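As structure tokens, the structure follows; a few thoughts come after it.
The values are calculated or read from the model by the stated rules, or taken from the named source; none is laboratory data. A quick note: this is a predicted structure, and the numbers were derived from the prediction, not measured. In this analysis, Cβ positions are derived from the backbone assuming ideal geometry, glycine residues included, and neighbour counts consider all displayed protein chains.
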Amino acid sequence: MPDKIHLTVATVVEKDGQYLMVKETKEGRQLINQPAGHVEPGEDIIAAALRETLEETGWVVSVTGFLDISTYLAEKTGVTYYRLTFVATPEYLDTDATIDQDIDFALWMSHEEIENNREHLRGPAVLNCLDDYLAKRIFPMEIFRNTL
């Protein structure tokens, strides 16, 4: 059963009223998501959020807060995804970064543009965490006790 539980991380990155997003093609359909991905065995979750953001967008970011934990059951596979979403500040674009082959491209989008593309969002967590961010429901990073 452990292979049916996946821990993932995501970041909400804002710059000048725009949010860092990725477009990725899944099962022939292009979807919009925050930079997100799986936590590797033995990996610190904050390090995973930084790594996934860099690997999917080329942006080096710093994590400044925690937004939420969301769950999603993929009925097709029976996998339950647990997604931890962090707030991050963009530091700089690493033009030498290698982008994950699963990512079509990264882009900056306004909240309105994201809302207007609901049918293309990877899942409900995309807008839910943006709503939390805009409502300033952000938890301090001190809630994490890292021992890795």
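Taken over region 82-98, the residue count meeting the criterion of being closer than 14 Å to ALA49 by Cβ and among the aliphatic types (A, V, I, L, M) is 3.
Of the residues making up region 101-122, just one is surrounded by 15 or more Cβ atoms within 10 Å (Cβ to Cβ) and modelled with pLDDT under 95, namely ARG122. Considering region 36-148, the qualifying helices (runs of 4 or more DSSP H), each wholly inside and each with 3 or more residues that are farther than 14 Å from ALA10 by Cα and acidic (Asp, Glu), run over 111-115. Of all residue pairs spaced 6 or more apart or on separate chains, those with beta-carbon atoms under 7 Å, a first member in region 1-22 that is more than 9 Å from PRO35 (Cβ to Cβ) and a second member that is of a type in the set (S, T, N, Q) and loosely packed, with under 15 Cβ neighbours inside 10 Å are LYS4/THR80; ILE5/THR80; GLY17/SER110; GLN18/SER110.
Yes/no per residue for (1) under 14 Å from the mean Cα position of the chain (by Cα); (2) of a type in the set (A, V, I, L, M); (3) farther than 15 Å from GLN18 by Cβ:
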{"site": "TRP108", "(1), (2), (3)": "yes, no, no"}
{"site": "ASN117", "(1), (2), (3)": "no, no, no"}
{"site": "ARG122", "(1), (2), (3)": "yes, no, yes"}
{"site": "ASN128", "(1), (2), (3)": "yes, no, yes"}
{"site": "ILE143", "(1), (2), (3)": "no, yes, yes"}
